[in-house]
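Remarks on the structure that follows.
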Amino acid sequence: MVILISGRGSNMQAMVEAGLPVAAVISNCADAAGLEYAAGRGIATAVVSHRDYATREGFDAALAQAIDGFHPDLVALAGFMRILTAEFVSRYQGRLLNIHPSLLPAFPGLDTHARALAAGVKLHGCTVHFVTVELDHGPIVMQAAVPVLPRDDEATLAARVLAGEHRIYPQAARWFLEGKLVIDSGVVRVNGDHPQQLYLP
Ligand code: GRF
């Protein structure tokens with residue numbers, strides 16, 4: 001698998017530490033902290049900077065070329081902060097996963113923790129989903145739910161959600177690589193009846 005990151009890369013790190021076969025970590029930012037971690041673990045790294053391309057199409061084509069050099073069965077977006085073109089998404093359709101820090105379909109887009117607090121929801125969480133052209137809307141593989149506590153601020157809530165991300169993304173990626181995921185009319189099931197939800201205190 002190939003993992004795309006833009007920054008810290010803690011989800012990427014969780015997948016590496018779970019023993020998943022990561023062929024390469026690619027970033028659109030040369031200073032993404034996660035690149036150093038990956039290189040330190042002997043994993044191939046590459047940078048394709050969006051700043052080097054005048055158009056989204058140009059950037060996505062260069063990114064696809066970098067990815068395809070590793071012939072991955074799975075491409076995992078892990079804090080990859082670029083909106084991808086429909087062409088890119090369709091090229092990797094069915095083998096492109098993302099982690100989003102909310103219980104989709106609630107709170108697609110940015111600032112999910114602040115929006116969850118403002119909405120007063122009592123449960124929040126994260127979602128691993130297949131990527132489709134509509135942002136943060138693809139078939140849901142797994143979700144982790146966490147409580148929203150009275151004294152939470154964005155940072156405490158984000159930390160609780162992140163612990164869930166680090167549990168469900170490696171699990172979802174492993175199911176994919178084992179060929180266990182089946183998408184039926186937009187609904188994802190796992191062969192073998194594994195639970196697709198996690199509740200964290
Ligand atoms: C995570 O919260 C992820 O859900 C979101 O961006 C953040 C990336 O964190 N898409 P990291 O780079 O994996 O540490």
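The values are calculated or read from the model by the stated rules, or taken from the named source; none is laboratory data. Predicted model, so just to flag it, every value in this text is computed and none were measured. For neighbour counting, all protein chains shown are included, and Cβ atoms are generated from backbone atoms with ideal geometry for every residue, glycine included. Note: areas computed on protein heavy atoms with side chains; ligands, DNA, RNA excluded. Shrake-Rupley method; radii C 1.70, N 1.55, O 1.52, S 1.80 Å.
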>> If packing is taken as the average number of other Cβ atoms within 10 Å across a peptide's residues, how do 161-171, 124-134, 144-154 rank, most packed first?
In response: 124-134, 161-171, 144-154
>> What is the distance in Å between the Cα centroid of the range 100-140 and that of the range 66-92?
In response: 20
>> At R0 = 25 Å, how high is the FRET efficiency between ARG56 and ALA23 if r is their beta carbon distance? Nearest 0.05 is fine.
In response: 0.50
>> So for the range 60-130, averaging the separation of alpha carbon pairs under 8 Å that are six or more residues apart and normalising by length, what relative contact order in percent results?
In response: 32
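Using the eigenvalues of the Cα gyration tensor, what equivalent ellipsoid semi-axes result for the range 100-201 when each is taken as the square root of five times the eigenvalue, whole Å, largest first?
25, 15, 10
Do the sum for the chain: with -39,500 (n - 2.57) for every DSSP H run of n ≥ 4, divided by all residues, what is the mean residue ellipticity at 222 nm, to the nearest 500 deg cm²/dmol?
Working: 6 runs with 67 residues, N = 201.
Rounded to the nearest 500, it is -10000 deg cm²/dmol.
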> Per-residue accessible area for LEU110 at 1.4 Å probe radius, Å² rounded to 10?
Replying inline: 120
>> Viscosity 1.306 mPa s, temperature 10 °C: give me the Stokes-Einstein translational D for the chain in µm²/s, with Rh taken as the Kirkwood radius over C-alpha pairs.
In response: 92
> If the chain between ARG95 and ALA118 were fully stretched, how many nm would it gain, using 0.36 nm times the residue separation less the Cα-Cα distance?
Replying inline: 4.9 nm
> Can you list the HN-Hα couplings for the range 183-192, worked out from phi with the Karplus curve (6.51, -1.76, 1.60; θ = phi - 60°), rounded to whole Hz and with x for Gly and Pro?
Replying inline: 9, 10, 6, x, 10, 9, 10, 10, 4, x
> Based on the alpha-carbon gyration tensor of the range 39-101 and its eigenvalue square roots a ≥ b ≥ c, which shape applies: rounded if a/c is under 1.5, prolate if not and a/b is larger than b/c, or oblate?
Replying inline: rounded
> Given the range 90-201, what percent of its DSSP beta bridges are antiparallel, to the nearest 5?
Replying inline: 85
>> If you restrict to DSSP beta bridges whose two residues both lie in the chain, what percentage is antiparallel, to the nearest 5?
In response: 45
> Where nothing but the Cβ of Lys and Arg (+1) and of Asp and Glu (-1) is charged, how large is the charge dipole of the range 100-171 around its Cα centre, in debye to the nearest 20?
Replying inline: 240
> To the nearest 20 debye, what is the magnitude of the charge dipole of the range 136-201 about its Cα centre, counting +1 on the Cβ of each Lys and Arg and -1 on the Cβ of each Asp and Glu?
Replying inline: 200
>> To the nearest 20 Debye, how big is the dipole of the chain about its Cα centre, given +1 on the beta carbon of each Lys and Arg and -1 on that of each Asp and Glu?
In response: 320
> When ranked by the protection proxy of mean other Cβ atoms within 10 Å per residue, highest first, what sequence do the peptides 62-68, 17-23 form?
Replying inline: 62-68, 17-23
> Okay, which of the range 43-70 sit inside 15 Å, backbone N to the point 7 Å along the Cα-Cβ direction of ALA30?
Replying inline: 46-53
>> Assuming 0.36 nm per residue, please report the length gained on full extension of the stretch ALA159 to ALA106 beyond their Cα-Cα distance.
In response: 17.2 nm
